[in-house]
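Here's the structure, in structure tokens; my notes come after.
The values are calculated or read from the model by the stated rules, or taken from the named source; none is laboratory data. Because the structure is a prediction, the values reported are computed rather than measured. We place every Cβ from the backbone using ideal geometry, glycine too, and count neighbours over all the protein chains shown. Accessible surface areas use protein heavy atoms only, side chains included; no ligands, DNA or RNA. Shrake-Rupley method; radii C 1.70, N 1.55, O 1.52, S 1.80 Å.
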Amino acid sequence: MHWGAEPAPAPQAGVVETLQLELSNAGTVPWSDQVKLAYHWLDDRDNPIVWDGIRTPAPPLAPGESGIVAAVVRGPMPPGRYRLAFDLVAEHRAWFSELGSPMLSFDLDVAPRRGEPRAELPPDVVPADDWSERVRAAHAEGFAVVAGAIEWDGGRRPRALAGYAPGPGRLPGFAGALLAPSVLPGIELERLDDVEGLPAYAAPRDEPWVYDGRIVLKVRRS
């Protein structure tokens with residue numbers, strides 16, 4: 001296969017971008033619907049940081065034909081210097097690069113994720129002194145949704161908040177609802193029933209998110 005001109009992405013950490021890529025079938029076999037365009041994020045030594053990102057269907061090109069693909073690419077996390085490498089894959093068979101076709105690769109800088117976060121905080125909920133700093137740092141790292149722990153000041157801690165005690169760091173795959181999370185513009189979360197009067201949301205399925213026990217909201221109940 002042959003690649004067209006190198007695209008000019010402007011990636012942000014964790015953000016989806018659509019890039020226009022021109023492809024040519026330089027082989028002798030037509031491409032079936034099992035051929036997909038994929039990508040890898042590598043370091044400067046071609047070590048994989050993110051292997052096999054979002055796959056986009058390639059056009060069913062006959063030998064000698066060319067076409068344009070709107071490739072959907074999510075920026076890696078955290079921001080920094082990366083190498084973006086595009087490749088084609090025949091599903092359940094092989095990567096085209098394994099069969100001798102070159103990847104389209106180039107180096108670029110991935111910027112911090114931008115956007116002014118918002119959080120729905122009830123009147124009796126007060127952020128810890130470092131809450132804003134930690135939340136903004138996590139968003140810049142690429143997370144669209146940032147949630148944390150609950151410090152209870154009002155008698156015995158409710159059982160429903162047992163899993164939200166402040167802790168030392170992040171909990172990958174946190175199973176509970178996200179309470180009063182910080183959310184970037186354009187992200188809509190599924191609203192759940194309140195937990196002890198705190199707004200609760202389901203974690204997003206298609207955006208990166210994080211629960212961090214060091215990000216603390218203080219609830220003051222009389």
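What to note about this one:
- Helical content of the chain, expressed as a calculated mean residue ellipticity at 222 nm, amounts to -1500 deg cm²/dmol (DSSP H runs of 4 or more residues, -39,500 (n - 2.57) each, divided by residue number, nearest 500).
- The relative contact order of segment 68-222, computed from alpha carbon pairs under 8 Å that lie at least 6 residues apart in sequence, is 28 percent.
- For the chain, alpha-carbon Rg over 2.2 N^0.38 Å: 1.29
- Across segment 1-68, Cα pairs under 8 Å and at least six residues apart give a relative contact order of 34 percent.
- In Å², nearest 10: area of H2 left accessible to a 1.4 Å probe: 120
- Carbon/sulfur fraction of accessible area - the chain, other protein chains in place, 1.4 Å, %: 50
- Separation between Cα centres of segment 1-66 and segment 131-169, rounded to whole Å: 39
- Cα→Cβ-extended label distance, 7 Å offset, between E65 and E98, nm: 2.6
- Ordered from highest to lowest accessible area with the whole protein assembly present and a 1.4 Å probe, I49, I54, I68 read as I68, I49, I54.
- Using heavy atoms of the protein chains and a probe of 1.4 Å, the accessible area assigned to Y201 is about 40 Å².
- Solvent-accessible surface of the chain, taken per residue with a 1.4 Å probe and all protein chains present: 52 Å².
- DSSP beta bridges fully contained in the chain are about 80 percent antiparallel.
- Check: segment 75-115 dipole with +1 on Lys, Arg Cβ and -1 on Asp, Glu Cβ, in debye: 240
- Exposure ranking of W152, W31 by accessible area [1.4 Å probe, largest first]: W152, W31
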